[in-house]
Amino acid sequence: MTFRTRLLLIFTMAVAAAVGVVELVVSSRARQAFEDMEAKRAEALVTQFNREFARRGMEVMRTVESIAASAAARDIAISPDASSYVDQAAALAATHGLDLLELVAGDGAIVSSAEWPARFGYKEDWLATEPDWQARGAFLKREELPDGVALALVAVGTASAGDRKLYVAGGRLLDREFLSTLVMPAGMRVLLYRNLAPEFSPSELIGAPGPAPGAARLKSLIEQVARERRDVTATVGRGAEAETFHALPLTGYESGLLGVLLIGSSRRDLVELEASMLRTAITVAAAGILMGIALSWWATARITRPVRRLAESAGRVAAGDWGATVEVASADEIGQLAGAFNRMTHELVEQRDRLVQAERVAAWRELARRLAHELKNPLFPLQITVENMQRARESYPEQFDEVFREGAATLLAELSNLKQIVARFSDFAKMPAPEMEPVNLNRVAAETMKLFEGQLAKARVRASTELDAALRPVQADREQMTRVLRNLILNAIDAMPEGGTLTVRTVAPETGARLEVSDTGQGLTPEECERLFTPYYTTKTHGTGLGLAIVQSVVSDHKGRIAVESEKGKGTTFRIDLG
Amino acid sequence: MAGAATRPHYGGTLRVEMREAFESPEAMAPPAGFVLASWEAGRRALYTADESAAGGRPYLDSIEIQMGRPLRDQSTDLELGKADVVELGPNELRRQIAGRKVWSSSPVRLMALVFGPRVEDERVREALALAVDRGAIHSVLLQRQGEISGALLPQWLSGDAFLFAPAFDGARARSLATALAAPARTISLAVSDASLRPIADRIALNARDAGLVVPVSAQSVNADVRLVEVRMASSDPARALAETAADLGLAEPSRSDTPEALYNAERALLDGFRVIPLFHLPRVFGAGPRVKGGPGITRLGEWHFENLWVEDRP
């Protein structure tokens, strides 16, 4: 991954993260605001319900009291036979707008019942348990009706005539009609669960429009309220269908839990708001990311262009172009880096020039030393021979001819030696340009090894040839490559004075060819390896030190590479890779 | 002047209202001394005075009968002067209407629960028979009209109705109902006459206390038990028993020439609780202030309008 791509990713992620954080914060704040608003609305509705409940209670109480205070109630109370009043409650309930009304004699027997006319004569003993019904006010009560059980807001009044008493128990059903009187804000609804059965019954959950659908999902909430007898708030459902319910226990006569009021607030608005915010955030994020990409593209281009130029220049330096420079376009860190790079390459060039100069001087010195050394060896016998010949001419004239013959032979031999030395130096100086042709290195290796069979045997070196049949011909100068291989083999033989194994190996890589020459000699130190290809450098006591220099020169002329691996005491391997 | 106003005289039309709605004139007993002049099935009948009646021409020129009129409406019509003679139920009797005369027959109407063939388990029938609190119904809903009875024939007719004394035993009824399978504890009660609905509701409430579920409806088709009224049209006990058994869908009673035989025949009809007699009720009519003479009904509750006349002047 390029530096520019990394920068681009970092910018893009930064923009996306920033948008995400903003969205989270805004969403969280909006949710909190919604929750607060919902809580306030629920609180207002609870207050409204309590107020309406109290108002209805007062209304029922007043109505019941008025009935109890009426002449009709008094007539019933004083009547010795109340049987003729069996229909009275229904008429009074209709007149006074009550859903329920029972006229009960002092002994607890129902005289007349509006909600269940057939119950005349049945006992309502609970009426005698409360000493002051007026102080008790209205209360919730479970009422049995012909078609089931209902929940009602009930009040009790008493009509007295002498020692006779008539209870007037009347009320209003807590039903859909009651719920419909509660003004609900949009998105909210009120449900009433009538806790009239021992087990949870979905049909007892009603709303203003009728039975509440999906009552089963409120079961656990209702049961919790019934169990704990306290207000409970819970969210039911998921997604846009979710509702937050504030549930209140409704206790009734004798403190029993007769109902649960549930004020539901739809979370659809919140979900839609969140969805809208999410859509906006995604849009903004997408736009931000696109803008971020564009900006980061531009910014990274500005940042990475000089870096890229620096990298290119560094590459050129690595490739050998030490004169490569970078344009300094700014005074920032990148500009300073470019300036430092330019100074570095300038220093490198100067140092290279100085090094070349120094090496050239060193080479000349080395050459002079070598030449002096090489020439001094044959010159000394020449001097001795000439001196012998002079001494014989003066002191032993009779032996001069014989001395002369021997001296002449020695002189000729040493002169030949001098000539050979000069020729070797001349050869190194006159290294010709390679004449490229397809060359089968396997064949070159095999033929060369054959030439050295005798010499290898004499040196007690075992020859091993490992030639890769898959090796394809490479473009090379056959003669020069033969010379390279010869030099390496000679070098290997010299490295194994006690004998050993010489291995010539060819390898067919994906492209080009590889030639390896390994010996099992004493090996080289890392320092020796570094200087191995320096002209006139040798670790041997004989030789000119030009063999490996010639090898490297040939390989270099073939655009190839030569490397050496060596481990002290184990041997050395020269590896040549061609095109 | 007042004495002159109440003197019998010829002329006028007597407006009569009744609950029943007959489809043919043969189904309705015509008022003696009058002949049918026009007939609208189920709605209206007009009878005119028979000039050649055996006992002499009635005072009234005609009798206009409106059929299918609810008891409450009849009472209202009587109060408003739209009707001269109406039937009165217990509720209507409680209303005090100025100038109204009340004619009551002997208890000639049998109110009873009649089980259909589907209710095969005698325990169900007995449980319902024991659950009904006749006393409360009689004192409140019937305003103590008639008699509580466990017999098919009224006491005045058979003389042995007291031997069929009804029993109210809620505990025994509950015991019988508890032993029943749940589906058998539900029996539908039909009451086609709306005026009997309060009684049916009370019976259902009594049955509920005993552990029976008794939904009440006006539909008699497929009902398990019906609340019915049967009217005695004969003062001959054996004949009345036979007619009553026929009306209730019971088997024809055995020949009963003696009181013992009559008792045994009646006992046989009641065994198995296929019929649960509840009350024997009189026929009660109210007559408006226009109507003079009377009483306008016989002991059996039949119309007896020959000696009535109407006074149109205030």
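For this structure, a couple of remarks:
- Residue count for the stretch B:244-261 under the criterion of being part of a loop (DSSP other than H, G, I, E, B), free of Cβ contacts under 8 Å to residues at least 40 places away in the same chain and in contact with a strand residue (DSSP E or B) (Cβ under 7 Å, 6 or more places away or on another chain): the result is 1.
- Filtered by the rule that a residue be surrounded by fewer than 20 Cβ atoms within 10 Å (Cβ to Cβ) and within 22 Å of B:Gln155 (Cβ to Cβ), the stretch B:283-314 gives B:Pro295, B:Thr298, B:Arg299, B:Leu300, B:Glu302.
- Test: residue in the stretch B:161-175 that is buried (at least 23 other Cβ atoms within 10 Å of the Cβ), more than 23 Å from B:Ser105 (Cα to Cα) and touching a residue at least 24 places away in the same chain (Cβ under 8 Å): yes
- Residue within the stretch B:97-117 that is within 14 Å of another protein chain (Cβ to nearest Cβ), over 16 Å from the mean Cα position of the chain (by Cα), more than 11 Å from B:His280 (Cβ to Cβ) and not in a strand (DSSP E or B) present: no
- Residue that is nearest to A:Ser83 (Cα to Cα) [pool: residues in the stretch A:136-169 that are among the aliphatic types (A, V, I, L, M) and within 14 Å of chain B (Cβ to nearest Cβ)]: A:Leu145
- A:Ser83 modelled with pLDDT under 90 and over 30 Å from A:Asp231 (Cα atoms): yes
- For the stretch A:433-463, filtering for residues that are small (Gly, Ala, Ser), in a helix (DSSP H, G or I) and within 60 Å of the chain's Cα centre (by Cα) leaves 2.
- If the condition is being more than 14 Å from every other protein chain (Cβ to nearest Cβ) and crowded, with 22+ Cβ neighbours inside 10 Å, then the stretch B:125-143 contributes B:Arg125, B:Ala127, B:Leu128, B:Ala129, B:Leu130.
- Test: B:Asp312 is within 30 Å of B:Tyr59 (Cα to Cα) and either modelled with pLDDT of 90 or more or out of contact with any helix residue (DSSP H, G or I) (no Cβ under 6 Å at 6 or more places or on another chain) (or both): yes
- Residues located in the stretch B:14-45, provided they are at pLDDT below 95 and of a type in the set (Ser, Thr, Tyr): B:Ser24
- Selection status of B:Leu300, in contact with a Ser or Thr (Cβ under 8 Å, 6 or more places away or on another chain), part of a loop (DSSP other than H, G, I, E, B) and not charged (D, E, K, R): yes
- Residue among B:Ala83, B:Ala112 that is aliphatic (A, V, I, L, M), in contact (Cβ under 8 Å) with a residue 24 or more places away in the chain and under 30 Å from B:Gly272 (Cα atoms): B:Ala112
- Within the stretch A:60-69, the residues that satisfy the criterion of being surrounded by fewer than 23 Cβ atoms within 10 Å (Cβ to Cβ) and in contact (Cβ under 8 Å) with a residue 24 or more places away in the chain are A:Glu65, A:Ser66, A:Ala69.
- Any hit, the stretch A:31-48, residues being touching a strand residue (DSSP E or B) at 6+ places or on another chain (Cβ under 9 Å), surrounded by 13 or more Cβ atoms within 10 Å (Cβ to Cβ), among the aromatic types (Phe, Trp, Tyr) and more than 14 Å from chain B (Cβ to nearest Cβ): no
- Of all residues making up the stretch B:26-42, the number that are more than 20 Å from the chain's Cα centre (by Cα) and either under 23 Å from B:Val230 (Cβ atoms) or part of a loop (DSSP other than H, G, I, E, B) (or both): 3
- The stretch B:9-25, residues that are within 19 Å of B:Asp84 (Cα to Cα) and not in a loop (DSSP other than H, G, I, E, B): B:Thr13, B:Leu14, B:Arg15, B:Val16, B:Glu17
- Hits in the stretch A:73-101 - residues which are more than 14 Å from every other protein chain (Cβ to nearest Cβ), farther than 17 Å from B:Asn91 by Cα and either crowded, with 16+ Cβ neighbours inside 10 Å or among the small types (Gly, Ala, Ser) (or both): A:Ala73, A:Arg74, A:Ala77, A:Ala93, A:Ala94, A:His96, A:Gly97, A:Leu98, A:Asp99, A:Leu100, A:Leu101
Yes/no matrix, rows are residues, columns are (1) buried (at least 16 other Cβ atoms within 10 Å of the Cβ); (2) modelled with pLDDT under 80; (3) over 31 Å from the mean Cα position of the chain (by Cα):
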residue	(1), (2), (3)
A:Gly252	yes, no, yes
A:Val260	yes, no, yes
A:Ser265	yes, no, yes
A:Leu270	yes, yes, yes
A:Glu274	yes, yes, no
A:Ile282	no, no, no
A:Ala286	no, no, no
A:Leu290	no, no, no
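- Helices (runs of 4 or more DSSP H) contained in the stretch B:148-211 and holding at least 3 residues away from every other protein chain (no Cβ under 14 Å): B:155-158, B:170-178
- Filter pass, B:Glu122 being within 29 Å of B:Ala251 (Cα to Cα), over 23 Å from the mean Cα position of the chain (by Cα), of a type outside the set (Ser, Thr, Tyr) and away from chain A (no Cβ under 14 Å): yes
- Candidates B:Phe273, B:Phe285, B:Phe279 - the one that is in contact with a Leu (Cβ under 9 Å, 6 or more places away or on another chain) and not in a strand (DSSP E or B): B:Phe273
- Verdict on A:Val111 being farther than 19 Å from A:Leu196 by Cβ, β-branched (Val, Ile, Thr) and within 14 Å of another protein chain (Cβ to nearest Cβ): yes
- Enumeration of residues in the stretch B:34-57 that are among the hydroxyl-bearing types (Ser, Thr, Tyr) and loosely packed, with under 15 Cβ neighbours inside 10 Å: B:Ser38, B:Ser52
- Top-ranked residue in the stretch A:110-140 [being of a type in the set (Phe, Trp, Tyr) and in contact (Cβ under 8 Å) with a residue 40 or more places away in the chain; ranked as surrounded by the most Cβ atoms within 10 Å (Cβ to Cβ)]: A:Phe139
- Flag if A:Arg343 is in contact (Cβ under 8 Å) with a residue 12 or more places away in the chain, in a helix (DSSP H, G or I), among the basic types (Lys, Arg) and within 30 Å of A:Ala311 (Cα to Cα): no
Let's see how each residue does on (1) at pLDDT 85 or above; (2) over 21 Å from A:Ala54 (Cβ atoms):
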residue: A:Met184; (1), (2): no, no
residue: A:Tyr193; (1), (2): yes, no
residue: A:Glu204; (1), (2): yes, yes
residue: A:Gly214; (1), (2): no, yes
residue: A:Ser220; (1), (2): yes, yes
residue: A:Glu228; (1), (2): yes, yes
residue: A:Leu248; (1), (2): yes, no
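- Total residues in the stretch A:386-400 satisfying the condition of being in a helix (DSSP H, G or I) and surrounded by 11 or more Cβ atoms within 10 Å (Cβ to Cβ): the figure is 10.
The values are calculated or read from the model by the stated rules, or taken from the named source; none is laboratory data. Just so it is clear, the structure is predicted and the values come from calculations on it, not from any experiment. No Cβ is skipped: glycine too gets one built from the backbone with ideal geometry, and neighbour counts run over all protein chains shown.
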